[in-house]
Amino acid sequence: MLKRTAGELLEMKGRDVLTIQDESSVYEAVATMSEKNVGALVVQSPGVMVAGIVSERDYARKLLLEDRDARSTNVSEIMTAEVITAHEGMSLDGCMALMLRNQIRHLPIVDGEQPVGVLTLGDIMKTTIREQSAAIEELESYVFDDQGGES
């Protein structure tokens, strides 16, 4: 069970929020994702900090499969407009459950309307594995040190 919060994980991984404007072309979005080595961008529109999210999945399903042109299609036409978000105080268990329930891989973390970071399913899984490994090492150390001290 993960006791850490979304905010604590953001402190470790960084709080960069990569964004794109809703009227930008899908080509620009994919180029940015490729350049920054990320799978999604938070979409903003005038006056709206989180208007949507656009991912590689959106590109593949809503542009490529529909045989649309990436340079003439706006991000707003393929983005996911109903964005699932979380707050910094949410546990990583809660974030993972939210992501699995909604079948999403990217979870913007917001403070009010302001995006303050993005967690991925991979970020949470890496943290889980790291914490479980540390717990196992601690238990092994306790068990083996305890046995070694007995006569």
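The values are calculated or read from the model by the stated rules, or taken from the named source; none is laboratory data. Keep in mind it's a predicted model, so treat the numbers as computed, not measured. Reconstructed Cβ throughout: ideal geometry from the backbone, glycine too, with neighbour counts over all protein chains shown. Side chains included, ligands, DNA and RNA excluded: accessible areas come from the protein's heavy atoms. Shrake-Rupley method; radii C 1.70, N 1.55, O 1.52, S 1.80 Å.
Remarks
- FRET efficiency, 1/(1 + (r/R0)^6) with R0 25 Å, evaluated for Ile84 and Tyr27 via beta carbons: 0.45
- Taken per residue, the accessible surface of the chain reaches 61 Å², heavy atoms only and a 1.4 Å probe.
- Shown for the chain: lysine pairs separated by 8 or more places, or found on different chains, whose C-alpha atoms are under 18 Å apart, numbering 4.
- Diffusion constant of region 85-151 at 25 °C, which comes from Stokes-Einstein with the Kirkwood Cα-pair radius and 0.890 mPa s, µm²/s: 174
- Antiparallel bridge percentage (DSSP; both residues within the chain; nearest 5): 80
- Labels on offer are [x] 0.96; [y] 1.27; [z] 1.33, and the one holding Cα Rg over 2.2 N^0.38 Å computed from this structure is [z].
- Accessible surface of the chain [probe 1.4 Å, protein heavy atoms]: carbon and sulfur percent: 50
- Calculated FRET value between Asp111 and Val143, using beta carbons and R₀ = 35 Å, to 0.05: 0.25
- Label-zone membership for region 62-100, site Thr128, 7 angstrom Cα→C-beta point, backbone N under 20 Å: 84-100
- In the chain, helices alone account for a calculated mean residue ellipticity at 222 nm of -13000 deg cm²/dmol, with every DSSP H run of four or more residues adding -39,500 (n - 2.57).
- Ordering 134-142, 50-58 by mean Cβ neighbour count within 10 Å, with the highest value first, yields 50-58, 134-142.
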